[in-house]
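Read the structure below first, then the notes.
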Amino acid sequence: MKIAVVGSGYVGLTAGICFAESGNDVICVDVDREKVDRLNRGELTLYEPGLGELLVNNLQAQRVHFTSDLAEAVRNSSIVFIAVGTPQKDNGQPDIQVIEDVARSIVRTMDAYRIIVIKSTVPVGTTEQLANKLAELTELPFDLVNNPEFLKEGYAVDDFSRPDRVIIGTTNPQVAAVMEELYAPFVRNGKPIIVMDPASSEMTKYAANALLSTKISFINELANLCEKLGADIDNVRRGMCSDSRIGYQFLYPGLGFGGSCFPKDIQALTRICDSVGYPGWLLKAVKQVNDYQKLSLQRKITAHFGDDLTGRQFAVWGISFKPRTDDVRESPALGLIADLLALGAKVNIHDTQALPNAQKHFGDARIGYCRHMYDALNQADGLCINTEWNEYRNPDYDKMLHLMRQPIVFDGRNVYEPAKMRARGFTYYAIGKK
């Protein structure tokens, strides 16, 4: 098939390259010409394991290319995906203006029937409402489809290539058949392609992210209670999650959820509740617990040192909101670093992939950006672990003791065993443990 994907960010780039990998001819569109040039040279513009190799392979096979010319892409494609960002407004609602602008440009540019697919996450009802608006701009036929993405950063290629399910929001059986043919190579393992009305498909995306967010806030609520009662959340988790009805996924205590999806989608869903007059108690509680949890290390640090950190120095390992990505959006590390600086401390940070994005966010004020994890520990009064990158799991403990001014570890991801850390000579604070 001939496909256009508008937007070469995380979702659009993954979709475009993976569609090309399955044999389609793909044109990816982005307004950033520098990004377009880099991608056409085979330079990946974000960190995602496995995606760079696929980019180079499909450029060489001439199945994918990148352009800033939307009209060219529309003219040479039968299906046009919209995968642009929906930034959060001040009131918590997603801003879909760019989606609407792109859709208008598509219908004004197309010279015959097109299937237009919204890949971005949008409020419930958007597809139907936008289709009505677009129909006023053209006499040419088109179908507007909702096709939400379910990609985990760090595992996007696997998630796209072997999805748990594909959701297609359309009421047109012919369009559904085309979309099913497009996705057939990705579901040879028998996973379902589920066709439903657009409003239900839009709601499905929010529902999935809301439930995963709820699981994270739930285990963190229990972890906080364990700390006060002297229980160990790891023991509780093993006992609870061994129940086949519950399972282990997304039930890890830590610093809460971040990234570009969960916080935004929970906020959007609570605004949807408000708009229809439904209280949405549980969804609002999920956000409240998460907001509280993201400050866990700050509370432990000030309980140990007091509120004045002038003259103290902290190392921070991990800035991305999760491993296997360079994404720092809504990362708990950002708030921690800002609070440490505000209390007078100096901060040295390390991350396997996210240092450039951290530097864009903070600049250079009292922050040292360290290429090697141990460099951040020099004369540190405390180490804060925010992201559980694998290289942090088995460090040289003797080297840590030698470098740090005070061997105190504030572990926001429970990477280490408390008893072993104390036996090695560290003062150790974890989540949900004594």
- Message: Quick check on E139: is it part of a loop (DSSP other than H, G, I, E, B), assigned by TED's automatic domain parsing to the domain that holds I167 and either surrounded by 15 or more Cβ atoms within 10 Å (Cβ to Cβ) or free of Cβ contacts under 8 Å to residues at least 24 places away in the same chain (or both)?
- Response: yes
- Could you list, in sequence order, all residues of region 196-223 that are of a type in the set (A, V, I, L, M) and either assigned to a helix (DSSP H, G or I) or in contact with a Ser or Thr (Cβ under 6 Å, 6 or more places away or on another chain) (or both)? A199, M203, A207, A208, A210, L211, L212, I216, I219, L222, A223
- Note on the structure: Considering region 56-77, residues that are surrounded by 17 or more Cβ atoms within 10 Å (Cβ to Cβ) and assigned to a loop (DSSP other than H, G, I, E, B), and then whichever is farthest from the chain's Cα centre (by Cα), we arrive at S77
- Looking at (1) surrounded by 14 or more Cβ atoms within 10 Å (Cβ to Cβ); (2) closer than 24 Å to I272 by Cβ; (3) outside the structural domain of F257 (by TED's automatic domain parsing); (4) not basic (K, R), find the lone condition where N209 falls short. (3)
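Select from region 268-316 the residues that are of a type in the set (S, T, N, Q) and either farther than 21 Å from E202 by Cα or in a strand (DSSP E or B) (or both) and list them in ascending order. Please lay out each step first, then the result.
Going residue by residue through region 268-316, those that are of a type in the set (S, T, N, Q) are 270, 275, 288, 290, 293, 296, 298, 302, 310, 313.
Within region 268-316, Q288, N290, Q293, S296, Q298, T302, T310, Q313 meet the criteria.
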- Task: Give the residue, chosen from P418, P356, that is over 19 Å from K322 (Cα atoms) and modelled with pLDDT of 95 or more.
- Result: P418
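Could you grab me the full set of residues in region 357-391 that are small (G, A, S) and either over 19 Å from R413 (Cα atoms) or assigned to a helix (DSSP H, G or I) (or both)? Talk me through it step by step, then tell me what you get.
In the first step, residues of region 357-391 are kept if they are small (G, A, S); the result is 358, 363, 365, 368, 376, 380, 382.
Within region 357-391, A358, G363, A365, G368, A376, A380 meet the criteria.
For A333, state whether it is of a type outside the set (S, T, N, Q) and in a loop (DSSP other than H, G, I, E, B). Even if it seems obvious, please write down each step before you answer.
On the way: of a type outside the set (S, T, N, Q): yes; in a loop (DSSP other than H, G, I, E, B): no.
For A333, the condition - of a type outside the set (S, T, N, Q) and in a loop (DSSP other than H, G, I, E, B) - is not met.
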- Residues being out of contact with any strand residue (DSSP E or B) (no Cβ under 7 Å at 6 or more places or on another chain) and either at positive phi or buried (at least 18 other Cβ atoms within 10 Å of the Cβ) (or both): count how many of those fall in region 160-179. 2
- Item | Condition check for Q406: in contact with a Lys or Arg (Cβ under 8 Å, 6 or more places away or on another chain), surrounded by fewer than 21 Cβ atoms within 10 Å (Cβ to Cβ) and modelled with pLDDT of 95 or more | no
- Query: What number of residues within region 112-136 are within 21 Å of D326 (Cα to Cα) and either part of a helix (DSSP H, G or I) or assigned by TED's automatic domain parsing to the domain that holds L269 (or both)?
  - Reply: 0
- Query: Are any residues in region 180-194 surrounded by 15 or more Cβ atoms within 10 Å (Cβ to Cβ) and in contact with a Ser or Thr (Cβ under 7 Å, 6 or more places away or on another chain), and if so, which ones?
  - Reply: F186
- Pair list, Cβ under 9 Å, 6 or more apart: region 65-86 residue not assigned by TED's automatic domain parsing to the domain that holds D32, other residue in a strand (DSSP E or B): none
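Kindly check whether there is at least one residue in region 379-391 that is surrounded by fewer than 20 Cβ atoms within 10 Å (Cβ to Cβ), on the phi > 0 side of the Ramachandran plot and out of contact with any Asp or Glu (no Cβ under 7 Å at 6 or more places or on another chain). Outline the logic, then answer.
From region 379-391, those surrounded by fewer than 20 Cβ atoms within 10 Å (Cβ to Cβ) are 379, 388, 390-391; that's our starting set.
Filter once more, keeping what is on the phi > 0 side of the Ramachandran plot: 379.
Remaining after also requiring out of contact with any Asp or Glu (no Cβ under 7 Å at 6 or more places or on another chain): 379.
Yes: one or more hits.
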- Query: Can you name the residue in region 33-55 that is part of a helix (DSSP H, G or I) and not aliphatic (A, V, I, L, M) and is also nearest to the chain's Cα centre (by Cα) among such residues?
  - Reply: G52
- Note on the structure: In the set G52, G92, the lone residue that is modelled with pLDDT of 95 or more and assigned by TED's automatic domain parsing to the domain that holds R33 is G52
- Note on the structure: If we keep only residues of region 230-247 that are farther than 14 Å from N220 by Cα, in a loop (DSSP other than H, G, I, E, B) and not charged (D, E, K, R), then the residue farthest from the chain's Cα centre (by Cα) is G230
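The values are calculated or read from the model by the stated rules, or taken from the named source; none is laboratory data. For clarity, every value in this text was computed on a predicted model and none was experimentally measured. A quick note on method: Cβ atoms are made from the backbone with ideal geometry, for glycine too, and the neighbour counts reach across all protein chains shown.
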